[in-house]
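**Q** The structure that follows is given in the form of structure tokens.
The values are calculated or read from the model by the stated rules, or taken from the named source; none is laboratory data. On a predicted model such as this, the values are computed, not experimentally measured, just so you know. Note: ideal-geometry Cβ built from the backbone for every residue, glycine included; neighbour counts use all protein chains shown.
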Amino acid sequence: MTTADITASFKKQPVAFACGLLCLVLGGLLYFRSDVVASDQADYDAKSAQAAKIVANVSASKNLAEQVKEIQAATREMEGRLLQSGQLGINLQYFYKLETETQVKLLDVRPNGISKTSKAAYIPVPFSVSVQGPYKQLMLFLSRLENGPHFCHFSSATFTKLAGGEGAQNLMTLTLNLELLGQP
């Protein structure tokens with residue numbers, strides 16, 4: 001095939017030759033830019049994920065003002081239940097109040113060492129407590145500690161039945177190691 005034959009064929013079917021040439025050019029471009037397709041797809045996926053996140057944030061922010069007020073109220077209520085670790089007298093008064101309410105005998109209440117190295121907003125304030133009384137009153141004492149105004153965590157609890165005379169038949173001793181949540 002000579003140049004004259006190709007020119008004659010081109011003149012007979014110019015659209016077919018133009019389409020063929022266009023296919024060759026576009027195929028070459030696709031071949032040389034095929035690495036860009038993968039990076040463009042990754043970019044599209046990242047932007048789609050970011051757009052979905054923004055849409056979710058916008059839809060979740062409808063009641064944001066009310067939710068902030070609820071969280072602030074819950075925080076104020078929680079902070080009202082915290083002990084102040086440096087106020088030993090007030091902290092011990094809590095146990096004396098429980099003693100009178102539950103009619104047990106408070107044998108010993110001792111604050112244990114507080115870790116001063118922590119820079120946390122909330123710290124455990126440890127206590128060792130020993131009380132004496134009938135089982136029912138000791139359980140009432142435990143219940144009041146657990147459901148009381150302060151957040152309480154029991155590390156250990158030991159019941160001991162008193163041996164002895166007639167008056168000690170129903171008496172038991174409860175020894176507790178507990179932590180009340182507080183602020184430094």
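**Q** Using beta carbons and a limit of 8 Å, which pairs, at least six apart or on different chains, have the first residue in the range 85-103 and without any contact (Cβ under 8 Å) to a residue 60 or more places away in the chain and in the same structural domain as C152 (by TED's automatic domain parsing) and the second one outside any helix (DSSP H, G or I) and polar (S, T, N, Q)?
**A** Short answer, once both residue conditions are applied: I90/Q84.
**Q** Checking G86 against (1) exposed (fewer than 11 other Cβ atoms within 10 Å of the Cβ); (2) in a loop (DSSP other than H, G, I, E, B), which test does it fail?
**A** Against the list (1) exposed (fewer than 11 other Cβ atoms within 10 Å of the Cβ); (2) in a loop (DSSP other than H, G, I, E, B), G86 comes up short only on (1).
**Q** How many residues are over 19 Å from K105 (Cβ atoms) and among the small types (G, A, S) if we restrict to the range 149-184?
**A** Within the range 149-184, residues that are over 19 Å from K105 (Cβ atoms) and among the small types (G, A, S) number 3.
**Q** In the range 90-115, which residue that is in a loop (DSSP other than H, G, I, E, B) and within 35 Å of the chain's Cα centre (by Cα) is surrounded by the most Cβ atoms within 10 Å (Cβ to Cβ)?
**A** The initial filter retains those residues of the range 90-115 that are in a loop (DSSP other than H, G, I, E, B), namely 103-104, 112-115.
So of that shortlist, the ones also within 35 Å of the chain's Cα centre (by Cα) come out as 112-115.
Values: N112: 13, G113: 6, I114: 15, S115: 11.
Across the range 90-115, the extreme among qualifying residues is I114.
**Q** Could you check the range 116-142 and list, in sequence order, the residues that are hydroxyl-bearing (S, T, Y) and assigned to a helix (DSSP H, G or I)? Break it down stepwise before answering.
**A** First, pick out the residues of the range 116-142 that are hydroxyl-bearing (S, T, Y): 117-118, 122, 128, 130, 135.
The one that is hydroxyl-bearing (S, T, Y) and assigned to a helix (DSSP H, G or I): Y135.
**Q** Now a separate question. May I ask you to list the residues in the range 1-45 that are more than 60 Å from the chain's Cα centre (by Cα), surrounded by 10 or more Cβ atoms within 10 Å (Cβ to Cβ) and either on the phi > 0 side of the Ramachandran plot or not in a helix (DSSP H, G or I) (or both)?
**A** Result: Q13, single match.
**Q** Looking at (1) surrounded by 12 or more Cβ atoms within 10 Å (Cβ to Cβ); (2) touching a Leu at 6+ places or on another chain (Cβ under 9 Å); (3) modelled with pLDDT under 90, which is the one condition that is false for T173?
**A** For T173, the failing item is (3).
**Q** Go through (1) under 23 Å from G89 (Cα atoms); (2) at pLDDT 90 or above one by one and return the number of the condition Q137 breaks.
**A** Just one mismatch for Q137, condition (1).
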